[in-house]
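Worksheet for the structure shown next.
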Amino acid sequence: MDLDPVVLLNLTFDIVIVILAAVFYQKNKNTLVGWVAVAFALFAFSYVLTLAGVGSSWVLVPIRTVGYLSVVLGLILSRKH
């Protein structure tokens, strides 16, 4: 397992963002915050796969794409409110 410091730092920040977004979502039920939590959970998962050495491009690209699309969906849905 290669412990790349950049990947570890990104994973740490992603976990912090997921926890904060989950707490804020529970308080306010803000759709955007919920989708941000989903997106960063997916990003964190992709970093875990990278650290475990099983993160090929064929696996990581779809996961991260869905993460980015989650943010886009959250922005679109929050605009309607």
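Quick notes
- Dividing the Cα radius of gyration of the chain by its Kirkwood radius returns 1.04 for Rg/Rh.
- Per-residue 3J(HN,Hα) values for region 46-55, derived from phi via the Karplus relation 6.51 cos²θ - 1.76 cosθ + 1.60 with θ = phi - 60°, read 5, 6, 4, 4, 4, 5, 7, x, 10, x Hz in sequence order (x marks Gly and Pro).
- Across region 5-79, C-alpha contacts under 8 Å between residues 6 or more apart give a mean separation that, scaled by the residue count, equals a relative contact order of 36 percent.
- Peptides 23-36, 50-63, 5-18 ordered by packing proxy, namely the average of other Cβ atoms within 10 Å per residue, highest first: 23-36, 5-18, 50-63.
- For the chain, calculated [θ]222 nm from helices alone, where every DSSP H run of n ≥ 4 adds -39500 (n - 2.57): -30000 deg cm²/dmol
Every read-out reported here was derived from the displayed coordinates using simple, explicitly stated rules and does not represent laboratory data. Given the structure is predicted, the values throughout are model-derived calculations rather than measurements. All Cβ positions, even for glycine, are placed from backbone atoms using ideal geometry, and neighbour counts span all protein chains on display.
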